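Enquirer: My structure is below; once you've seen it, I'll send some questions.
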Amino acid sequence: MLGKLNIHMCIVIFFLSILQKENHSYQDNDNNIEHKVVLHHPGEKMPVKALLTQVKDKTGFTTGYFMDVESVICLENVCKIIPVRLYWNEIGEYQRYTLEQGATLEKYEADVFATEDYKKLHTILQNKNSPFKEVYIEDILTVKNEIADNVDAISGATALELDPEDTVPGAALTCFTLWHWANGEITPIIKQLTATTATNKQLIVFINTKSTTHYTLALEQLTQRNLYQKKYLEAIFKTLKSKKSPTKPTINYLETATEKDYLKYIKKLFYQGNVEQKIAALKSIAKTDSPTTPLYLDRISSYANTLQSYQEVVALLNMLEDKKHFSEQTANNLIPLLNADFLTARRVYWFLSNKKLTNTQNQKVIMFKNLYKNKI
């Protein structure tokens, strides 16, 4: 029995030593920046002060973060607390964890983690929708009645029913503690640090080559830094063409630009954007206080025949109504839509029916009315 235990411990130590070797250079990087942060963990009554380390490469780009935390919240000081180092990428997504050389995590009754338990814990921490997200520490610390006299309540034998794949048996408190360190308040803190410490040039890289999260962070920073130069706007529209970018951050950014730039680029977004972006652009124009001239609105309406959906046409007509704009040119731009699908054509008819039209325009509206007199 003793021989088997020694073999087991050797396997665990070997597994942990590999993790240490893999991360040694990452930890010792001369470009590391330390940040003092205050976090609220659902298992702690008071805020916790911690030291978050930001890792940058030689070019100054943030590549990740790490922080040392306690493996378990031990309210009665009767359980073994092992320091754990957690790692995140530059946008606060958990990546991995390591322990000090020779350290092991324990379950209740002094049972140590097996090699597969360490791997399972990593999988649990990766799951952003883990059941631990909705669990209270009181659920973890409540023991089953039938074993309450025999097992320490703090160690991990709980009344909480979890699927086997969602926890390490006998270590629910450790899983709960580390999951909230890995996926809790630290995530928005990391995002903010990555964004605020990025250079203006790096923000363009975020826009061009990174994820939706990077794109959003970049536009938020451009707004805060009051950066609306051509190079930033061109980078945004280049990205809009190449992939689907989130619409709301784009609109928010454009709405804070100068009136001239706003009117220019919101129109460009309407011209070049996808359906969602076109509708958002029209809604933005409808509520803007920036001066929209009749010529400007006529040019917007000139794209009416290119719209592909009923929702886009409705957004266009609503915008024109909100702006109280109508002209002979606008009518010419809308008349062809009387030949579109019935719902779209009927909405255009309602818009035109009470307007002052030319004889030619009015004849086409009357023709539509006579054709569908039983449906409108």
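The values are calculated or read from the model by the stated rules, or taken from the named source; none is laboratory data. Values in this document were obtained by computation on a predicted structure and should not be read as measured data. Using ideal geometry, Cβ is built from the backbone for each residue, glycine included, and neighbour counts are taken over all protein chains shown. Ligands, DNA and RNA are excluded from the accessible area calculation, which covers all protein heavy atoms including side chains. Shrake-Rupley method; radii C 1.70, N 1.55, O 1.52, S 1.80 Å.
Enquirer: Are any residues in region 243-271 of a type in the set (S, T, N, Q), within 17 Å of Asn208 (Cα to Cα) and assigned to a helix (DSSP H, G or I), and if so, which ones? Before you say what the answer is, go through the steps one by one.
Expert: Within region 243-271, the first condition is being of a type in the set (S, T, N, Q), and the residues that meet it are 245, 247, 250, 252, 256, 258.
Filter once more, so that each one left must be within 17 Å of Asn208 (Cα to Cα): 245, 247, 250.
The answer is Thr247, Thr250.
Enquirer: So which residues in region 185-208 are open to solvent by less than 60 Å² (accessible area, probe 1.4 Å), within 17 Å of the chain's Cα centre (by Cα) and farther than 19 Å from Lys231 by Cα, if there are any at all?
Expert: Ile186, Thr187, Ile189, Ile190, Leu193, Thr194 - these are the residues of region 185-208 that are open to solvent by less than 60 Å² (accessible area, probe 1.4 Å), within 17 Å of the chain's Cα centre (by Cα) and farther than 19 Å from Lys231 by Cα.
Enquirer: Among residues belonging to region 135-146 that are farther than 18 Å from Pro164 by Cβ and open to solvent by 20 Å² or more (accessible area, probe 1.4 Å), point out the one that is modelled with the highest pLDDT. Quick ask: steps written out before the conclusion?
Expert: Going through region 135-146, the residues farther than 18 Å from Pro164 by Cβ turn out to be 136-138, 141-143, 145-146.
Imposing the further condition that a residue be open to solvent by 20 Å² or more (accessible area, probe 1.4 Å) reduces the set to 136, 138, 141-143, 145-146.
Working: Tyr136: 83, Glu138: 80, Leu141: 71, Thr142: 61, Val143: 48, Asn145: 41, Glu146: 40.
Checking each candidate, the answer is Tyr136.
Enquirer: Take the residues in region 241-260 that are surrounded by 19 or more Cβ atoms within 10 Å (Cβ to Cβ) and not polar (S, T, N, Q), then tell me which one is farthest from Ala218 (Cα to Cα).
Expert: Ala257
Enquirer: Is it the case, given these coordinates, that Thr216 is touching a residue at least 12 places away in the same chain (Cβ under 8 Å), within 25 Å of Gly60 (Cβ to Cβ) and within 17 Å of the chain's Cα centre (by Cα)? Let's see the steps before the verdict.
Expert: Working: touching a residue at least 12 places away in the same chain (Cβ under 8 Å): yes; within 25 Å of Gly60 (Cβ to Cβ): yes; within 17 Å of the chain's Cα centre (by Cα): yes.
Criteria met by Thr216.
Enquirer: Give the number of residues within region 209-224 that are buried (at least 19 other Cβ atoms within 10 Å of the Cβ) and either among the basic types (Lys, Arg) or touching a strand residue (DSSP E or B) at 6+ places or on another chain (Cβ under 7 Å) (or both).
Expert: Filtering region 209-224 down to residues buried (at least 19 other Cβ atoms within 10 Å of the Cβ) leaves 214-219, 221-222.
Cutting the leftovers down to either among the basic types (Lys, Arg) or touching a strand residue (DSSP E or B) at 6+ places or on another chain (Cβ under 7 Å) (or both) gives us none.
Total meeting the criteria: 0.
Enquirer: What are the residues in region 318-354 that are in a helix (DSSP H, G or I), open to solvent by less than 50 Å² (accessible area, probe 1.4 Å) and hydroxyl-bearing (Ser, Thr, Tyr), if any? Spell out how you get there, then give the answer.
Expert: Applying the first criterion (in a helix (DSSP H, G or I)) to region 318-354 yields 318-322, 328-339, 342-353.
Still in the running and open to solvent by less than 50 Å² (accessible area, probe 1.4 Å): 319-320, 330-331, 333-335, 337-338, 344-345, 347-349, 351-352.
Scanning region 318-354 gives Thr330, Thr344, Tyr349.
Enquirer: Got at least one residue in region 289-296 being surrounded by 14 or more Cβ atoms within 10 Å (Cβ to Cβ), closer than 25 Å to Tyr215 by Cβ, touching a helix residue (DSSP H, G or I) at 6+ places or on another chain (Cβ under 7 Å) and without any contact (Cβ under 8 Å) to a residue 60 or more places away in the chain? Show your work before the answer.
Expert: Kept after step one, since they are surrounded by 14 or more Cβ atoms within 10 Å (Cβ to Cβ), are these residues of region 289-296: 290, 292, 296.
Cutting the leftovers down to closer than 25 Å to Tyr215 by Cβ gives us 290.
In the following step, the residues that additionally are touching a helix residue (DSSP H, G or I) at 6+ places or on another chain (Cβ under 7 Å) were identified as 290.
Filter once more, keeping what is without any contact (Cβ under 8 Å) to a residue 60 or more places away in the chain: 290.
Yes, there is a match, as at least one residue in region 289-296 is surrounded by 14 or more Cβ atoms within 10 Å (Cβ to Cβ), closer than 25 Å to Tyr215 by Cβ, touching a helix residue (DSSP H, G or I) at 6+ places or on another chain (Cβ under 7 Å) and without any contact (Cβ under 8 Å) to a residue 60 or more places away in the chain.
Enquirer: Let me ask something additional. Can you list residue pairs whose Cβ atoms sit under 9 Å apart, with the first residue in region 224-242 being free of Cβ contacts under 8 Å to residues at least 24 places away in the same chain and in a helix (DSSP H, G or I) and the second being of a type outside the set (Phe, Trp, Tyr) and buried (at least 18 other Cβ atoms within 10 Å of the Cβ)? Count only pairs 6 or more apart in sequence or on different chains.
Expert: Taking only residues 6 or more apart or on different chains, the pairs are Gln224/Ala195.
Enquirer: Whether any residue in region 300-317 is closer than 30 Å to Ser242 by Cα, assigned to a helix (DSSP H, G or I) and either touching a strand residue (DSSP E or B) at 6+ places or on another chain (Cβ under 8 Å) or free of Cβ contacts under 8 Å to residues at least 12 places away in the same chain (or both) is what I want to check. Outline the logic, then answer.
Expert: Residues of region 300-317 that are closer than 30 Å to Ser242 by Cα, as a first pass: 300-317.
Then drop every residue that is not assigned to a helix (DSSP H, G or I), which leaves 300-301, 304-306, 310-317.
Checking which are either touching a strand residue (DSSP E or B) at 6+ places or on another chain (Cβ under 8 Å) or free of Cβ contacts under 8 Å to residues at least 12 places away in the same chain (or both) leaves us with 306.
So far as region 300-317 goes, yes, one or more of its residues are closer than 30 Å to Ser242 by Cα, assigned to a helix (DSSP H, G or I) and either touching a strand residue (DSSP E or B) at 6+ places or on another chain (Cβ under 8 Å) or free of Cβ contacts under 8 Å to residues at least 12 places away in the same chain (or both).
Enquirer: Among the residues of region 221-255, write down those that are among the hydroxyl-bearing types (Ser, Thr, Tyr), closer than 25 Å to Thr196 by Cβ and under 22 Å from the mean Cα position of the chain (by Cα). Before you say what the answer is, go through the steps one by one.
Expert: Narrowing region 221-255 to residues among the hydroxyl-bearing types (Ser, Thr, Tyr): 223, 228, 232, 239, 242, 245, 247, 250, 253.
If we keep only those that are closer than 25 Å to Thr196 by Cβ as well, we get 223, 228, 232, 239, 245, 247, 250, 253.
Result: Thr223, Tyr232, Thr239, Ser245, Thr247, Thr250, Tyr253.
Enquirer: Looking at (1) under 26 Å from Asp289 (Cα atoms); (2) open to solvent by 40 Å² or more (accessible area, probe 1.4 Å), which one does Leu227 not meet, given that it meets all the others?
Expert: (2)
Enquirer: Here is a follow-up. Name the residue that is most open to solvent (accessible area, probe 1.4 Å), counting only residues in region 93-122 that are outside any strand (DSSP E or B) and of a type in the set (Lys, Arg).
Expert: Filtering region 93-122 down to residues outside any strand (DSSP E or B) leaves 93, 100-105, 107-111, 113-122.
Remaining after also requiring of a type in the set (Lys, Arg): 107, 119-120.
Working: Lys107: 41, Lys119: 118, Lys120: 53 Å².
The qualifying residue most open to solvent (accessible area, probe 1.4 Å) is Lys119.
Enquirer: Right, another one. Name the single residue, out of those in region 256-288 being under 30 Å from the mean Cα position of the chain (by Cα) and without any contact (Cβ under 8 Å) to a residue 24 or more places away in the chain, that is farthest from Lys231 (Cα to Cα). Spell out the reasoning first.
Expert: Filtering region 256-288 down to residues under 30 Å from the mean Cα position of the chain (by Cα) leaves 256-259, 261-288.
Within this subset, residues satisfying the condition of being without any contact (Cβ under 8 Å) to a residue 24 or more places away in the chain are 264, 266.
Numbers: Lys264: 15, Ile266: 16 Å.
Residue satisfying both the conditions and the ranking: Ile266.
Enquirer: Separate question: Considering only region 167-184, how many residues are surrounded by fewer than 19 Cβ atoms within 10 Å (Cβ to Cβ) and within 15 Å of Asn127 (Cα to Cα)?
Expert: Total satisfying the criteria: 1.
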